[in-house]
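The structure appears right after this line, and notes come after that.
The values are calculated or read from the model by the stated rules, or taken from the named source; none is laboratory data. No experiment lies behind these values; they were computed from the predicted model shown. Glycine also receives a Cβ, built like all others from the backbone with ideal geometry; neighbour counts cover every protein chain displayed. Note: areas computed on protein heavy atoms with side chains; ligands, DNA, RNA excluded. Shrake-Rupley method; radii C 1.70, N 1.55, O 1.52, S 1.80 Å.
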Amino acid sequence: MDIAALRAEAAAWPGLDGMDLAIQVTGRQTRTWNETSWTLEGGHGTQDAPRHHVVAIDYGAKHNILRELASAGCKVTVVPADTSAEDVLRHDPDGIFLSNGPGDPAATGVYAVR
């Protein structure tokens, strides 16, 4: 290994400021999430009697967060990160969840909830 070269490469790395990684990890299609949290008795369940409808905007959403929403009684519609606000509202949700994700959140401002 060339330690000096590795140090130089690390020092030249610009960091996460302005880096949009969410668009690289988001799903490409709208989908319904109905898997609930895992239990010892039954493993993962299925949400089949939702009381609320949440649209989750996928900037790199963790599956367990989606499971918790389903376990809390929500029908969860997951949409890609670059979905317009108009398209999100077409689902007539009771709530909107902006997921976490990698990179700099400010970098998603180009397409995030327009």
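Side notes on the structure shown:
- Angle between the chain longest axis and helix 3-12 axis [Cα atoms, degrees, rounded to 10]: 60 degrees
- Under 5 Å from the amide H of S37 lie the amide H atoms of G45, S71, each residue being 5 or more positions distant or on a separate chain, with H modelled from the backbone and absent for Pro and chain starts.
- Gain in span if fully extended, T30 to R51, counting 0.36 nm per residue against the direct Cα distance: 5.5 nm
- Surface composition of the chain: carbon and sulfur make up 55 percent of the accessible area, probe 1.4 Å.
- Solvent exposure of segment 4-68 amounts to 69 Å² per residue of accessible area, where only protein heavy atoms count and the probe is 1.4 Å.
- Here segment 39-114 is treated with +1 on each Lys and Arg Cβ and -1 on each Asp and Glu Cβ, and its dipole about the Cα centre works out to around 60 debye.
- Positive-end extreme of charge dipole, the chain - chosen from Q29, N64, P50 (charges on Cβ): P50
- Size check on the chain: the Cα extents along the three principal axes, sorted descending, read 59, 40, 18 Å.
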